[in-house]
Amino acid sequence: MACRRALLVAALCLAPTLSWSGTPQTSNGAFEAFVAALRIDAEARGVSAATFAAAFRAITAPDPGILGRTRQQGEFVRPVWDYLVGAVSPGRIIRGRARAAALAQTLKAIENRYGVPASVVLAFWGIESDFGASAGSTSTIRALATLAEAKHRGTLFRDELLAALSILQRGDIAPDRMSGSWAGAMGQVQFLPSTYLAHAVDFDGDGHRDIWTSDADSLASIAAYLKDLGWDPALSWGYEVRLPEGFDLTDYTGDLGKFAARGVRRVDGNPLPERGNATLFLPGGLGAPAFLITGNFEVIRGYNTSDSYALAVGHLADRLDGGPVLANPWPTGPRLDGAGLRALQTGLAAAGVYDGPKDGRAGPKLREAVRRYQIGAGLPADGYATPTLLAHVQGRHGRGQ
Ligand code: CA
């Protein structure tokens, strides 16, 4: 009820604010034209006139606060260690363990059905909405309509808006309860509407896929999505490891058993699995925490493409299971910001080892290019992008465009 009241208040307050601030008439006219065109496409998808009218009853203008936020993507611009401090906080670990105890039976049933460990499902739930406590109170229709009308990221948000209307047509959620983040991710699991349509499940058996108020549906929807993305039940997401002296960094991907044979050890003392593929991941370079990540790490990145996010999910899952804090300290030296990473991408492209986007984001593709460059230049191949590396690349290949 509190949420519904908050939305109502927001809807009542916003319209007068806009007119008092002198927003030109054409702005609302453009929004009305956008909604009118949308109505035709929605009806073609089976959304009734009544559903459409109910969805837009309280929405007569875009949300001016949302577009300014589209330039912020915290998990891509902050260093991984800063992100981990917030995402895997002691308070969150305590709350997560309490939720694990209270929901033990449900979590066990979900693990049995989908083959994803309870700790991993809980970790997603914890990071997406602090275990359901902060699922976001922005109207999903309003958020998506704002982004779609502005053509932010092309037609992506218009397609998501049509998917959201399809969800309303199915009757899984009332329009005034369909809420989430400013970017249209919904409920306790922060699914975009298309993800919801393809992967959300009704686990408590009431006939509705309720990722807003049902713990069971939320947790099972996370697990079902991970299963659909290819989660391998035989392996963890990854393992924090120690490398032996003189480890050959140029041979960084392959069988877990071979890494063990080369002297790589888990920091918690448990043995590495004998089978399964893994890649060495050094998100802070040599001397910082080192991981062997499996294909499940890429599955996590299917939920959210940031390396920091995936590492936070994996580490939080381990901590909820009683695992230790990371063994090695993070680096304190200078690091590349988004502009620096873009410059590095440009330089590595000039060096012929990178053909990905010049978007200033770290990820597997940039990491692979850094490693190829380092191997070619005879540098330690840790795949870690630093200002020193950028200077090295630019010294050989210029500053580019
Ligand atoms: Ca349900």
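The values are calculated or read from the model by the stated rules, or taken from the named source; none is laboratory data. Here the structure is a predicted model, which is why all the values come from computation and not from measurement. Glycine gets a Cβ as well: all are built from the backbone with ideal geometry, and neighbour counts include every protein chain shown.
Data overview
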item	result
Residues of segment 148-192 classified as within 18 Å of the chain's Cα centre (by Cα) and of a type in the set (A, V, I, L, M, F, W, C), total	9
Answer from Arg262, Arg266 - the residue that is closer than 22 Å to Ile300 by Cα, of a type in the set (Lys, Arg) and free of Cβ contacts under 8 Å to residues at least 40 places away in the same chain	Arg266
Cβ-Cβ under 9 Å pairs, at least 6 apart or on other chains, segment 158-169 side over 19 Å from Ala36 (Cβ atoms) and at pLDDT 95 or above, far side crowded, with 21+ Cβ neighbours inside 10 Å and of a type in the set (Phe, Trp, Tyr)	Ala163/Tyr196; Ile167/Tyr196
Inter-residue pairs, beta-carbon under 8 Å, first over 17 Å from Leu326 (Cα atoms) and in segment 90-101, second acidic (Asp, Glu) and at pLDDT 95 or above, 6+ apart	Arg95/Asp130
Residue in segment 323-342 that is aliphatic (A, V, I, L, M), touching a residue at least 12 places away in the same chain (Cβ under 8 Å) and over 27 Å from Ser89 (Cα atoms) present	yes
Test result for Asp217, within 30 Å of Gly136 (Cβ to Cβ), within 16 Å of the ligand (Cβ to nearest atom) and in a loop (DSSP other than H, G, I, E, B)	no
Segment 181-208 residues that are within 14 Å of the ligand (Cβ to nearest atom), paired with ones that are among the polar types (S, T, N, Q) and modelled with pLDDT of 95 or more (beta carbon under 7 Å, 6 or more apart)	Gly187/Ser218; Gln188/Ser129; Gln188/Ser218; Val189/Ser218; Val189/Ser221; Ala200/Ser221; Val201/Ser221; Asp204/Ser214
Residue within segment 145-154 that is of a type outside the set (Phe, Trp, Tyr), over 21 Å from Ile40 (Cβ atoms) and either touching a helix residue (DSSP H, G or I) at 6+ places or on another chain (Cβ under 6 Å) or without any contact (Cβ under 8 Å) to a residue 40 or more places away in the chain (or both) present	yes
Residue count, segment 163-179 (criterion: among the hydroxyl-bearing types (Ser, Thr, Tyr) and crowded, with 20+ Cβ neighbours inside 10 Å)	1
Positions within segment 180-204 being surrounded by fewer than 24 Cβ atoms within 10 Å (Cβ to Cβ) and under 17 Å from Thr51 (Cβ atoms), in sequence order	Leu197
